[in-house]
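Everything on this sheet refers to the single structure shown next.
The values are calculated or read from the model by the stated rules, or taken from the named source; none is laboratory data. Computed from a prediction, not measured in an experiment: that's the story for all the values here. Ideal geometry is used to build each Cβ from the backbone, glycine not excepted, and the neighbour counts take in all protein chains shown.
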Amino acid sequence: MSRLDVFINRMVSQRACLNHAAAATKGLRGPVFELGLGNGRTFHHMREIMAERDIFVFERDPTAQPDSTPSEDRLILGDVRKTLVDALTRFGPTATVVHADLGGQDLRKNDVFAKEISPLVEPLLAKGGFMVSSDRMYFAELEELALPPDAIPGRCFLYGHRS
Ligand code: SAM
């Protein structure tokens with residue numbers, strides 16, 4: 001499979017999983033977290049599909065164009081290894097959707113990083129909330145959920161509390 005195919009499958013899967021998580025949590029109150037702004041593509045989409053929700057973006061180096069950058073009060077600036085710890089004090093277990101797309105080209109590095117941040121993400125998710133990730137996560141309690149039909153297995157991961 002070409003790198004182009006892998007990239008397209010990741011984008012299609014991100015959109016499918018985000019749409020699925022937004023629909024499944026529609027009635028829930030609580031913030032939405034975007035981990036990793038990048039060029040703001042997924043943030044822009046999340047704002048469209050969850051317009052009524054408070055979306056906080058965690059990013060250490062925001063460089064997206066203005067129409068894809070959150071307002072200052074919705075941007076949590078810094079390394080997620082610190083800001084996620086602070087977020088638990090500030091928000092508690094209230095996040096209805098957490099989307100993580102923090103990785104780069106090095107898949108081994110991404111996996112090590114996913115292991116490191118999994119215990120920081122896990123306590124933030126509200127009961128009934130959905131966690132969408134581009135990398136496999138390593139949670140103690142949250143379980144991996146079935147992907148929506150239009151997502152490609154291995155290109156996106158979905159997690160939630162055990163029912
Ligand atoms: N989903 C985004 C989009 O659609 O444009 C792409 C995100 S990009 C792949 C990853 C982003 O995560 C980068 O902007 C990078 O600066 C950020 N990032 C990576 N490691 C981070 C860390 N430890 N703390 C905060 N941000 C981090």
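Within region 154-163, can one find any residue that is touching a residue at least 12 places away in the same chain (Cβ under 8 Å) and within 12 Å of the ligand (Cβ to nearest atom)?
yes
So that you can scan it fast, the table gives a plain yes or no per residue for (1) touching a residue at least 60 places away in the same chain (Cβ under 8 Å); (2) closer than 22 Å to GLN14 by Cβ:
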| site | (1), (2) |
| --- | --- |
| ARG29 | yes, no |
| GLY38 | yes, yes |
| ARG53 | no, yes |
| ILE76 | no, yes |
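Among the residues of region 15-42 satisfying the criterion of being of a type outside the set (A, V, I, L, M, F, W, C) and under 19 Å from THR69 (Cβ atoms), which is surrounded by the fewest Cβ atoms within 10 Å (Cβ to Cβ)?
Looking at the filtered set, the residue picked out is ASN39.
Can you go through ALA126, ALA87 and tell me which one is within 21 Å of CYS156 (Cα to Cα), of a type in the set (A, V, I, L, M) and modelled with pLDDT of 95 or more?
On inspection, the qualifying residue turns out to be ALA126.
Given (1) under 15 Å from the mean Cα position of the chain (by Cα); (2) free of Cβ contacts under 8 Å to residues at least 60 places away in the same chain, identify the lone condition not met by ASP101.
For ASP101, the exception is condition (2).
How many residues does region 54-68 contain that are away from the ligand (no atom under 11 Å from the Cβ) and within 24 Å of CYS17 (Cβ to Cβ)?
Number of matching residues: 4.
Those residues that are more than 6 Å from the ligand (Cβ to nearest atom) and assigned to a loop (DSSP other than H, G, I, E, B), I need them from region 34-53; list them, please.
MET50, ALA51, GLU52, ARG53, listed by residue number.
For the structure I just gave you, tell me whether ASP111 is farther than 20 Å from ALA23 by Cβ and modelled with pLDDT under 95.
no
Can you give me the number of residues within region 82-97 that are away from the ligand (no atom under 13 Å from the Cβ) and either over 23 Å from HIS161 (Cβ atoms) or of a type outside the set (Phe, Trp, Tyr) (or both)?
Within region 82-97, residues that are away from the ligand (no atom under 13 Å from the Cβ) and either over 23 Å from HIS161 (Cβ atoms) or of a type outside the set (Phe, Trp, Tyr) (or both) number 9.
Out of curiosity, is ARG162 at pLDDT below 95 and more than 17 Å from LEU18 (Cβ to Cβ)? It would help to see each step written out before you state the result.
Numbers: at pLDDT below 95: yes; more than 17 Å from LEU18 (Cβ to Cβ): yes.
Answer is yes for this residue.
Of the residues LEU145, LEU88, which is without any contact (Cβ under 8 Å) to a residue 24 or more places away in the chain, over 13 Å from LEU35 (Cβ atoms) and not acidic (Asp, Glu)?
One residue alone meets the criteria, LEU145.
Within 13 Å of the ligand (Cβ to nearest atom) and either surrounded by fewer than 20 Cβ atoms within 10 Å (Cβ to Cβ) or in contact (Cβ under 8 Å) with a residue 24 or more places away in the chain (or both): is that true of MET1 in this structure?
no
Are any residues in region 13-33 in contact with a helix residue (DSSP H, G or I) (Cβ under 9 Å, 6 or more places away or on another chain) and assigned to a loop (DSSP other than H, G, I, E, B), and if so, which ones?
GLY30, PRO31
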